[in-house]
Amino acid sequence: MMSSEIDSSPITHIYREHRMQKVRFGIIGAGAVSDFHHVPGIRVDPRAELVAVCDPNAELLEKRRSDWGIDKLYTDYEKLAQDPNVDAVIIATPNDTHCDIALACIEGGKHIMCEKPLGVNFDEARRMYQAARDRNVKHLTAFTYRFAPSMRYLRHLVKSGMLGEPRHFRSQRFLDWPETSWGWRQYKKRAGAGDLFDMTIHRIDLAMDLIGPLTAICGAVAQFCPRDKTADGKPCPPSEVDDWSSLIGRFENGAVGVWEGSTVMKGYHHNGVGHEWAEVNGTEASAVYRLQEPNVIMVGKSGETMKPMPVPEEFLVIPGSPRNPHEGVPSTVFRYDLIYELVSAIVEDRPAVPGFDHGAQAQAVADAVLESNESMRWVKLNLDVE
């Protein structure tokens, strides 16, 4: 158990190195994402331990008791939020529950990692950020792909000036998924939007991290699949959300960007990973990140043809991470570093990156895509979260 010694703030935990024990995590939402990504991330970091799990599905909870070796089980997130023996929480629940759960956990003094999108609209996401800021808890948005090795190296190439002045960003995220029900993800009340909030929002965040704030966008969404049957052929209410989204945007520094994503692109299976391409074109060179080969980057200078090269060793994990970058499936294992980043922020008493402020700003852009689609016009952006 870790010390809960506090300073003059009623919430901030001080983790003194000579006394520090493990950061105790609770997971709210015991589904596949937690099982595949977050629990392994906790297991990899020797400074972290999983001590509690919450889910309204009692049968799933009992399965996780065995799967994860956890005895402290909750069906009510408010009880976990007030548990004094939990230091940090991971929220991996349907989108429309994120805000209420996060606010309860913040009130309980918990540090938080929340899956994207933070809420079903910008107002919710901004409330989450401001609450975490005001209570001085660490907050992390689960923008997973920031931690991919080739994306980290691409950022280095951009920020170091090796590509020259950035002129253009381009992103494609194509998945060849079945056209059957997505469950709660296909209903507006629960999800807010489809591909736009589930996939494209990641790439909106990547672009602003690489190049800077967006000032205006023009966007569109479309729905091609009714998704009115479950995987076993049973009828269900049809989908209400997009399965294709796209936007063009202008950055504050004068650069431009183009994004496109879809879950129904045939032939882009890639062993379940799908196709992802994120490209920055600068005045001196261009570089490309691909999820299919996250440890390889493509680079080309003016007059050359882009060619693949290995990501340098020092970019394969975030600094200090105990994860062995040469073990496991490359397109999966970098996701474990999210836990390392949050624990490091707690231990070092610094902001976690990307924080809820980044999540809220990406949400503002995604909301503007829906507005642009409805109005069929450009939308100026206000990314102020303060």
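The values are calculated or read from the model by the stated rules, or taken from the named source; none is laboratory data. This one's a predicted model, so the numbers in the text were calculated from it and none came from an experiment. No Cβ is skipped: glycine too gets one built from the backbone with ideal geometry, and neighbour counts run over all protein chains shown. Calculation scope for accessible area: heavy atoms of the full protein, side chains included, ligands and nucleic acids excluded. Shrake-Rupley method; radii C 1.70, N 1.55, O 1.52, S 1.80 Å.
General observations
- Boolean, residue 318 is within 30 Å of residue 88 (Cβ to Cβ), open to solvent by less than 20 Å² (accessible area, probe 1.4 Å), in a loop (DSSP other than H, G, I, E, B) and touching a helix residue (DSSP H, G or I) at 6+ places or on another chain (Cβ under 7 Å): yes
- Selection status of residue 160, touching a Ser or Thr at 6+ places or on another chain (Cβ under 9 Å), modelled with pLDDT of 95 or more and not charged (D, E, K, R): no
- Once segment 147-179 is narrowed to residues that are more than 21 Å from residue 319 (Cα to Cα) and out of contact with any Asp or Glu (no Cβ under 9 Å at 6 or more places or on another chain), the residue that is surrounded by the fewest Cβ atoms within 10 Å (Cβ to Cβ) is 178.
- Residue 309 being open to solvent by 60 Å² or more (accessible area, probe 1.4 Å), aliphatic (A, V, I, L, M) and closer than 20 Å to residue 150 by Cβ: yes
- Of all residues in segment 341-363, those satisfying the criterion of being assigned to a helix (DSSP H, G or I) and open to solvent by 10 Å² or more (accessible area, probe 1.4 Å) are 341, 347, 348, 357, 358, 361.
- Residue in segment 238-247 that is over 23 Å from the mean Cα position of the chain (by Cα), in contact (Cβ under 8 Å) with a residue 60 or more places away in the chain and over 22 Å from residue 306 (Cβ atoms) present: no
- Cβ-Cβ under 7 Å pairs, at least 6 apart or on other chains, segment 315-332 side in contact (Cβ under 8 Å) with a residue 12 or more places away in the chain, far side aromatic (Phe, Trp, Tyr) and assigned to a helix (DSSP H, G or I): 315/153; 318/147; 318/340; 321/340; 323/336
- Subset of segment 134-146 that is more than 25 Å from residue 326 (Cβ to Cβ) and in contact (Cβ under 8 Å) with a residue 40 or more places away in the chain - its residue that is surrounded by the fewest Cβ atoms within 10 Å (Cβ to Cβ): 136
- With respect to the stated conditions, residue 195 is closer than 20 Å to residue 264 by Cβ and in contact with a strand residue (DSSP E or B) (Cβ under 6 Å, 6 or more places away or on another chain).
- Filter pass, residue 298 being in contact with a Gly (Cβ under 9 Å, 6 or more places away or on another chain) and within 19 Å of residue 162 (Cβ to Cβ): no
- Residues located in segment 321-340, provided they are β-branched (Val, Ile, Thr) and outside any loop (DSSP other than H, G, I, E, B): 332, 333, 339
- Identity of the residue in segment 156-185, touching a helix residue (DSSP H, G or I) at 6+ places or on another chain (Cβ under 6 Å) and part of a helix (DSSP H, G or I), that ends up nearest to residue 300 (Cα to Cα): 158
- Contacts under 6 angstrom Cβ, first residue in segment 268-288 being within 14 Å of residue 151 (Cα to Cα) and in contact (Cβ under 8 Å) with a residue 12 or more places away in the chain, partner acidic (Asp, Glu) and part of a strand (DSSP E or B), 6 or more apart: 288/279
- Tabulated pairs, segment 211-229, first at positive phi, second among the acidic types (Asp, Glu) and open to solvent by 10 Å² or more (accessible area, probe 1.4 Å), C-beta under 7 angstrom, 6+ apart or interchain: 212/252; 227/179
- Looking across segment 260-287, the residues that are under 24 Å from residue 376 (Cα atoms) and buried (at least 21 other Cβ atoms within 10 Å of the Cβ) come down to 261, 262, 263.
- Residues located in segment 203-259, provided they are part of a helix (DSSP H, G or I), under 21 Å from residue 379 (Cβ atoms), hydrophobic (A, V, I, L, M, F, W, C) and open to solvent by less than 10 Å² (accessible area, probe 1.4 Å): 204, 206, 207
- Selection of segment 52-109 for residues being free of Cβ contacts under 8 Å to residues at least 24 places away in the same chain, buried (at least 17 other Cβ atoms within 10 Å of the Cβ) and within 23 Å of residue 143 (Cβ to Cβ) yields only 97.
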